[in-house]
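Everything below concerns the one structure shown next.
Nothing in this text is a laboratory measurement; each read-out follows from the coordinates by a stated rule. Only a predicted model underlies this, so the values are computations on that prediction, with no experimental measurement involved. Here the Cβ positions follow ideal geometry from the backbone for every residue, glycine too, while neighbour counts run over all protein chains shown.
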Ligand SMILES: [Zn+2]
């Protein structure tokens, strides 16, 4: 397999943008990724483009990949949409990595996009919340707030996790987002306010969930040997793993862990030849606060019992031993569904290069970064490990 | 716009929805419920339908605030406010996600003995869709 480098990465700010079209948002993300390539790059070099989107903004557009590519100046690249719910662009990234690693193409693009603000609320509630077992979960009475709430309740029961530890994820990630101009929620949140927020699905409140947002992200990859001519600081993709699992929570033997993530992580660590202890920074899929605590154990950072304590002791805070979601995570940076996976990669690329514009949130000397992107409540997951330039 | 199960599909699944008919694998004896074309234990494909008792215990649960449930339940939430949902460990092994009825939310706890009842779930195209909910089981 050919070694794979990321030479450029960019994203739009994650915001509610009712005035911007899908085409404009995706073009802006590609432009950001191209202009991130230090020594210049002609996007026409891109041979394949993989674009993650759950539902193209609820419009269910066909030929969506070519449409986005055309508007971003990539006409002629073999473009396709990749869909795996909230992990769509994590899987798109995997496809682009494999396209280069296999030797098939020299340049590939992975990206993602979602517009969640186009449709009226009633119609939005039709296309959102369809990434579980719709027939036996949604139509029994619950979609993701309730599903993650049931995971949270069981986590508290089995592992002694507290409500304060769960809400603490939002407090931490909101504090990280204050310094990130790309983030949607930049006001800090106190634990007191998080716990006092109205209940969404007991034990989770409104501060434990993501809101509506719009955005796009894009990453450009090439062979390692070609990267040096284009950028001084290529980031290497050293580990890639993907997995899936039964889609309904009730069909899993244990509902406080995500086996799709465990499968993906095992592949990613094995291919990178690193251990969880080698990871210096991680962007994890905190679609609900409890999901970040699941990630700590599923990724091998600690046991399920220790997840709450890892958070409590500040180990995953900026400045801690293993900073998690320094971008603000999904909770605070925003979660435009299809754009999230390559948005996480974009953050890690800048962190590992040491090129974060806001120096107060730059993690110093990080060598290995991990991205964890989950579809729905764990029906699918992609885990990638990136290595800083030497 | 909401998610959708057509009337013919709904009619075809009444046995498993209302009578809790599971697919019992002819090869390994495991129950697959809700039914699927492939045994979830051994991947066999031949089954006989067998009714589950509907008795079980609450594995986990949540109480969803008004507006937090799927759009199909807006009408119900407008009338009843919060909506309780749980995952039930059925005694035969399968688990099921269902609404919890006839119980005060303060009385819900993991391990609570419950039994299945047939209740109205939601209306679609003027037809009431019935399904399974769980209520406390007085004599487990
Ligand atoms: Zn079997």
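The table below lists the values:
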item: A:37, A:212 arranged by Cβ crowding within 10 Å, fewest neighbours leading; result: A:212, A:37
item: Per-selection Rg to Rh, region A:7-54 - Cα, Kirkwood hydrodynamic radius; result: 1.00
item: At 1.567 mPa s and 4 °C, Stokes D of the protein assembly as shown from Kirkwood alpha-carbon radius, µm² per second; result: 55 µm²/s
item: For residues of A:247-257, the mean tally of beta carbons on other chains within 10 Å; result: 4
item: Two-site FRET efficiency, residue B:36 against residue A:358, from Cβ-Cβ distance with R₀ of 45 Å, rounded to 0.05; result: 0.35
item: Quarter of Cα convex hull surface for region A:233-390, i.e. mean projection, nm²; result: 8.6 nm²
item: Relative contact order (percent, whole number), chain B, Cα cutoff 8 Å, 6+ residue spacing; result: 20 percent
item: Between helix A:163-177 and chain A: long-axis angle, C-alpha atoms, 0 to 90°, nearest 10; result: 30 degrees
item: At 1.306 mPa s and 10 °C, Stokes diffusion of region A:15-172 via Kirkwood alpha-carbon radius, µm² per second; result: 88 µm²/s
item: Prolate/oblate/rounded label for region A:291-368 (Cα gyration tensor, a/c 1.5); result: oblate
item: Burial ordering of B:80, A:340, A:213, B:62, fewest other beta-carbon atoms within 10 Å first; result: B:80, A:213, B:62, A:340
item: For region B:28-140: rounded, prolate or oblate by the Cα gyration tensor [a/c cutoff 1.5]; result: oblate
item: Per-residue mean of C-beta atoms belonging to partner chains within 10 Å, peptide A:194-201; result: 3
item: GNM top mover of A:140, A:149, A:229 - chain A, alpha-carbon springs below 10 Å; result: A:140
item: Tensor-based shape of region A:199-315 (alpha-carbon gyration tensor, a/c under 1.5 rounded, otherwise prolate or oblate); result: prolate
item: Relative contact order for chain A, counting Cα pairs under 8 Å that sit 6 or more residues apart, in percent; result: 26 percent
item: Sorted by Cβ neighbour density within 10 Å, fewest at the top, the residues A:86, B:42, A:210, A:222; result: B:42, A:210, A:222, A:86
item: On Cα atoms only, tilt of A:259-272 relative to the major axis of chain A in degrees; result: 40 degrees
item: In degrees, nearest ten, helix A:88-101 long axis to first principal axis of chain A (Cα); result: 40 degrees
item: Region A:130-233 - convex hull of the alpha-carbon atoms, volume per residue in Å³; result: 192 Å³
item: With 5 Å bins from 0: P(r) over region A:87-146, alpha-carbon pairs, percent; result: 4, 15, 16, 14, 15, 12, 10, 9, 5, 1
